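*Asks:* Questions regarding the structure given below will be posed in turn.
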Ligand SMILES: Nc1ncnc2c1ncn2[C@@H]1O[C@H](COP(=O)(O)OP(=O)(O)OP(=O)(O)O)[C@@H](O)[C@H]1O
Ligand code: SF4
Ligand SMILES: [Mg+2]
């Protein structure tokens, strides 16, 4: 109760209340027409590969992110999924300015922030905060919880006058469900879930509009994961936050996300509402990923075909020509090696879901014929 009360009092400050009013119920959050707080277009990050000891020469590049575009709307959660190494964390680092893009643009509320620096960057960064994966290593063990949560105020003193910081930090602890009296404790005195709450409190300190959460619950026990996800959902509704939520676990992503982007080798291969992606995937890679997710209904589980992907993910330093997925795709045809499929709504798409037409972008030449080639069944 107390946590909710102080959450509301925090929300009334600095225009958060207005944003809360803008936040609709989860059911209609994925609806069109909402303001895009973030517009990412053609984002590229190539890490140079060098050779030589004295004189370094570039011999190639790791194409970690290779032309990623998406919008993040006010108050929504966009989930990003994909196998290890597909570029999820690099996207997170580019959006939060921890890495510089090789190409592409990032717009925050219509303003191009891609090349900002100095004061202008600092001002924008206040609004786009990051919550990291590992609550054990992301908190400085020598700092008290009060110092950790209040650290952003050192960088942005205008956000909280010195005399008011302790009160603000205690309010933030309260908001994330921690006892404000813990302010002088050290990280090792908390459990994993509590530490992630501390990380979230720090992320909230500057009243951001966007939180980029890179695997925020992956290091936690399953029971604790649910608590932290529920906390994030409550905070989103309370403060009108927009989340970029990165995770391996497709069930967690489905639970929290309004829309989902599926990444493979540095590119988004399919993007749509949570229902479109999970109930009507059109890209063979998404279909394979989802076929591996356990379903609780034994009858459904029996009827389901498990698609086993052959081979390893190719190196992002040397991705296949045409469609990056073609070396593992059971639907691949000659065209796939020479022609890169655009991420677009398939033409002549006949799919329906709950009697509604389905039309979401998919980067596959044959997305319109969803099951034209039957997937192999696991033996
Ligand atoms: N600083 C860097 N220098 C060189 N290569 C990098 C660097 N950071 C990431 N990479 C490479 O870029 C690719 C994408 O990495 P990234 O960490 O974004 O993947 P990810 O999807 O977050 O993976 P995971 O699920 O394992 O966290 C990988 O091949 C990785 O090795
Ligand atoms: S474009 Fe070709 S290789 Fe790529 S996903 Fe579609 S069928 Fe498979
Ligand atoms: Mg990562």
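*Asks:* Take the residues in region 280-312 that are at pLDDT below 90, under 25 Å from the mean Cα position of the chain (by Cα) and closer than 30 Å to residue 59 by Cβ, then tell me which one is nearest to ligand 3 (Cβ to nearest atom).
*Replies:* Here the residue is 312.
*Asks:* Which of the residues belonging to region 178-196 are surrounded by fewer than 20 Cβ atoms within 10 Å (Cβ to Cβ) and under 14 Å from residue 149 (Cβ atoms)?
*Replies:* Hits for region 178-196 are 179, 180, 181, 182, 183, 184, 185, 186, 190.
*Asks:* Related question: Can you find, within region 316-339, the residue that is nearest to residue 45 (Cα to Cα) among those that are surrounded by fewer than 15 Cβ atoms within 10 Å (Cβ to Cβ) and without any contact (Cβ under 8 Å) to a residue 60 or more places away in the chain?
*Replies:* The qualifying residue nearest to residue 45 (Cα to Cα) is 321.
To keep it simple, each residue is scored yes or no on (1) under 30 Å from residue 312 (Cβ atoms); (2) surrounded by fewer than 15 Cβ atoms within 10 Å (Cβ to Cβ); (3) within 16 Å of ligand 2 (Cβ to nearest atom).
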| residue | (1), (2), (3) |
| --- | --- |
| 67 | yes, no, yes |
| 95 | yes, no, no |
| 113 | no, no, no |
| 132 | yes, no, no |
| 138 | yes, no, no |
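*Asks:* Related question: Please work out if residue 83 is assigned by TED's automatic domain parsing to the domain that holds residue 234 and either within 16 Å of ligand 2 (Cβ to nearest atom) or farther than 25 Å from residue 239 by Cβ (or both).
*Replies:* Answer is yes for this residue.
*Asks:* Continuing with the same structure: Looking at region 279-301, which of its residues are in contact with a helix residue (DSSP H, G or I) (Cβ under 7 Å, 6 or more places away or on another chain), touching a residue at least 24 places away in the same chain (Cβ under 8 Å) and more than 17 Å from residue 364 (Cα to Cα)?
*Replies:* Once the filter is applied, which keeps residues that are in contact with a helix residue (DSSP H, G or I) (Cβ under 7 Å, 6 or more places away or on another chain), touching a residue at least 24 places away in the same chain (Cβ under 8 Å) and more than 17 Å from residue 364 (Cα to Cα), region 279-301 yields only 293.
*Asks:* If I go through region 123-148 residue by residue, how many of them are within 16 Å of ligand 3 (Cβ to nearest atom) and touching a strand residue (DSSP E or B) at 6+ places or on another chain (Cβ under 9 Å)?
*Replies:* 5
*Asks:* Taking only region 86-122 into account, find how many residues are within 16 Å of ligand 3 (Cβ to nearest atom) and assigned to a helix (DSSP H, G or I).
*Replies:* 8
*Asks:* Between 103, 120, which is in contact (Cβ under 8 Å) with a residue 60 or more places away in the chain, assigned by TED's automatic domain parsing to the domain that holds residue 73 and surrounded by fewer than 18 Cβ atoms within 10 Å (Cβ to Cβ)?
*Replies:* 103
*Asks:* Could you list, ordered by first residue, the pairs with Cβ atoms under 7 Å in which the first is in region 214-233 and away from ligand 1 (no atom under 16 Å from the Cβ) and the second is in a loop (DSSP other than H, G, I, E, B), at least 6 apart or interchain?
*Replies:* 225/217; 228/216; 228/217; 228/220; 229/217; 231/176; 231/177
*Asks:* Condition first: within 16 Å of ligand 2 (Cβ to nearest atom) and on the phi > 0 side of the Ramachandran plot. Can you find one or more residues in region 258-270 that meet it?
*Replies:* yes
The values are calculated or read from the model by the stated rules, or taken from the named source; none is laboratory data. Note that the structure is predicted; figures quoted are calculated from it, not measured. Note: ideal-geometry Cβ built from the backbone for every residue, glycine included; neighbour counts use all protein chains shown.
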